[in-house]
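Report on the structure given below.
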Amino acid sequence: MAAPIDKKKSSAGTDVLADLNDSDFSNSSESFRQAASYSSTSSSLSSSSSSSSSSSSSSDYQRKKVKKHNKYKKKKNQKGKKKKEKIRKERNFLKRAVNPKHVVKRYKKVLRHFRQGKNLRCCYKAVGVDRNTVVASAAIAKLAIVSQTKYKELLQGYSRGQKLQTFIQKCSDALSNDPTLLSEVDQLKKNGKLLPIIKRK
């Protein structure tokens with residue numbers, strides 16, 4: 001005959017199993033929470049790292065862009081300064097015309113502006129010289145343009161110590177004493193190849 005099962009022992013065994021099951025479930029839940037927490041932290045760190053990297057890249061791009069712009073601006077300003085300085089020196093050089101060649105160069109510069117359609121006042125202003133200065137020395141340029149042979153002949157007798165006014169007078173006399181040259185001067189003025197200026201008395 002089988003021995004009867006002790007109900008107290010059976011009940012105790014059941015409680016132990018229940019406690020073990022509860023303990024396993026609790027441990028599993030804790031592990032799941034830790035895993036979820038770790039995953040969330042990793043995701044947050046990854047997102048933060050990505051955002052930081054993106055922000056850093058954008059910042060570097062902006063810095064490079066500003067640096068490039070400043071470099072271009074500085075280079076442009078330097079070019080502008082050099083150009084202005086060159087124009088200023090050229091104008092001073094033309095104003096100070098100290099020999100016949102300078103006078104001819106200055107006259108031709110004014111003439112070039114005139115042939116572009118500007119009026120004489122604008123031409124003088126563009127070159128940086130006043131009307132009276134151009135008119136007073138125009139005889140040299142006229143002779144150089146109308147008769148190269150006669151101009152070179154007079155130029156050979158010009159010395160560095162000679163006053164420019166003396167050479168101007170010689171050129172003026174050479175034009176006045178030759179009706180052919182005077183006629184040619186008038187013709188070139190009409191064609192726009194000489195400045196239409198008249199010396200005021």
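Taking (1) more than 17 Å from Leu181 (Cβ to Cβ); (2) in contact (Cβ under 8 Å) with a residue 24 or more places away in the chain; (3) not in a loop (DSSP other than H, G, I, E, B) in turn, Ala144 satisfies each apart from (1). Among the residues of the stretch 127-141, those that are assigned to a helix (DSSP H, G or I) and either touching a strand residue (DSSP E or B) at 6+ places or on another chain (Cβ under 9 Å) or over 13 Å from Leu154 (Cα atoms) (or both) comprise Val127, Arg131, Asn132, Thr133, Val134, Val135, Ala136, Ala138. Within the stretch 167-201, the set of residues being surrounded by fewer than 11 Cβ atoms within 10 Å (Cβ to Cβ), over 43 Å from the mean Cα position of the chain (by Cα) and of a type in the set (Val, Ile, Thr) comprises Thr180 only. None of Lys170, Lys109 is more than 25 Å from Asn191 (Cβ to Cβ) and in contact with a helix residue (DSSP H, G or I) (Cβ under 7 Å, 6 or more places away or on another chain) except Lys170.
Filtered by the rule that a residue be over 46 Å from the mean Cα position of the chain (by Cα) and part of a loop (DSSP other than H, G, I, E, B), the stretch 147-166 gives a lone residue, Gly157. Against the criterion of being surrounded by fewer than 22 Cβ atoms within 10 Å (Cβ to Cβ), in a helix (DSSP H, G or I) and basic (Lys, Arg), Arg112 qualifies.
Bear in mind that the values in this text are calculations on the coordinates, not laboratory data. The structure presented is a predicted model; accordingly, all values stated were derived computationally and were not measured. We place every Cβ from the backbone using ideal geometry, glycine too, and count neighbours over all the protein chains shown.
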